[in-house]
Amino acid sequence: MKYSNLFAKTTKSVPKDEIAVNAKFLIQGGFIDKLMAGSYTLLPLGRLVERKIEQIVREEMNATGAQEVLMPLLHPKEIWNETGRWDSAKEVMYQFEKNEKEYTLSFTHEEIVMDVIRKHITSYKDLPANVYHFSTKFRNELRAKSGILRGREFIMKDLYSTHETEEDMWKYYWQIADAYLKVFERVGLHAIITEAAGGVFTDRLTHEFQVESPVGEDTIYLADGWKYAKNEEIMNDEDRKAPGLRTLKAIEVGNIFPYGTDKYAESMNVMFTDKTGERKPVWFGAYGIGITRLMGVLVEVFHDERGIIWPESVAPYQVHLVGILKNDPVIKEKAEEVYEKLLDAGVEVLFDDREDVGAGQKFADADLIGIPVRLVVSSKTLQQDSGQAGDKVEFKKRTVSASELIDCDEVLSRLK
């Protein structure tokens, strides 16, 4: 992609009410655009990052045997009444009336997936049935002041599993926990499994995946001998006496819920016939990762004073090629040649080909956008030999200050 053709360039302006680092750098870098509090457009650069995160999650979910679906965002009141959550969760829902019928926009999909499951399973032979999707969620967030960490509209992956036995549910539950740890590791994060309350989702103990951060809104506790951390909201007096007790500020990046049979399966009559011919409710679990939220977490964790530092696995491009052209046709030709060589080798490259922008601005934009490798073609990199341009480029990683002159072939070797 040539930067001159890219929709939405970098900007110095940020809405006055945006104070979060993720919002500041994502807006300035041209990744997102703010429509209103808690609602953002993913611009082309942001969509590229979101899709890479999504693909990592997809690969790990598929590896567990889950199958991808896509469920509706507009839900009738009747389906939510089956579990009583039309009233119990109304504070977080966007409910409205149209043509004398009541609806809500999806803030989660337990009721919807249960309706799908009960239509398509009859026997224990149909279980387990594990499905997931990536979709927009709508939540009446009262504190939408943390950029894309806490939105009123956001993209989420939610997986739902149904099982014949409690044992099978727990086996898959912890399989997903391991898959989540792999997801977070692949995007460069160390996640801490944390016990937590279930909120409007369940009365059972659940598990969150927390990433340490000074801007985290959660406080989690760790202690000697504990297998998992604990969220502040489930701490009791005995927990606070644990040896080696310590606290961390953290950001939640995922959660998993062992629902069992009562709240959803029994309420919605999601039944199957077991091996003896007896009708039983399915065992149910749910598992969520906020995709756009995770994108914001990555910016909060990986940045410096100049901008974002994307992990290689989710960067919008592998290489940011900068041409310091100075209206010199030789430099321009060489920069184009390097660009084409990278494309031919299958390298994802953003080429800053602007001729009316100076070197300082181009380098500042490259640091702000945060692509892992910066390549520069300039008069400095061209070694003239009988009137022919040399084959060197300036190679620099976003994480280091030093650069070096190397051959294009060496660039390709390092990128592989």
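Descriptive notes on the structure:
- The set of residues from the stretch 87-111 being surrounded by fewer than 20 Cβ atoms within 10 Å (Cβ to Cβ) and in a helix (DSSP H, G or I) comprises ASP87, SER88.
- All strands (runs of 3 or more DSSP E) inside the stretch 276-344 with 1 or more residues being under 31 Å from the mean Cα position of the chain (by Cα) and either in the same structural domain as LEU42 (by TED's automatic domain parsing) or on the phi < 0 side of the Ramachandran plot (or both): 283-290, 319-323
- Residue that is farthest from MET271 (Cα to Cα), among those in the stretch 156-172 that are in contact with a Pro (Cβ under 7 Å, 6 or more places away or on another chain) and among the hydroxyl-bearing types (Ser, Thr, Tyr): TYR172
- Test result for LEU149, surrounded by fewer than 21 Cβ atoms within 10 Å (Cβ to Cβ) and aliphatic (A, V, I, L, M): no
- The residue of the stretch 29-51 that is farthest from the chain's Cα centre (by Cα), among those that are surrounded by fewer than 20 Cβ atoms within 10 Å (Cβ to Cβ) and not in a strand (DSSP E or B), is ALA37.
- Among the numbered conditions (1) modelled with pLDDT under 95; (2) loosely packed, with under 15 Cβ neighbours inside 10 Å, the only one that THR202 does not meet is (2).
- Extreme residue, farthest from the chain's Cα centre (by Cα), among residues of the stretch 351-367 that are crowded, with 19+ Cβ neighbours inside 10 Å and not acidic (Asp, Glu): LYS362
- Selected residue (only one of ILE121, ILE117 is in the same structural domain as PHE272 (by TED's automatic domain parsing), buried (at least 17 other Cβ atoms within 10 Å of the Cβ), closer than 15 Å to TYR259 by Cβ and hydrophobic (A, V, I, L, M, F, W, C)): ILE117
- Any pair with Cβ under 6 angstrom, 6 or more apart, that starts in the stretch 279-290 at a residue that is farther than 16 Å from MET169 by Cβ and ends at one that is among the small types (Gly, Ala, Ser) and assigned to a strand (DSSP E or B): ILE289/GLY254
- Of the candidates GLU300, GLU266, GLU348, GLU337, the single residue that is surrounded by fewer than 15 Cβ atoms within 10 Å (Cβ to Cβ) and in contact with a strand residue (DSSP E or B) (Cβ under 9 Å, 6 or more places away or on another chain) is GLU337.
The values are calculated or read from the model by the stated rules, or taken from the named source; none is laboratory data. Everything numeric here is computed off the predicted structure, so don't read it as measured data. Because the Cβ atoms are built from the backbone with ideal geometry, glycine has one as well, and the counts that use them run over all protein chains shown.
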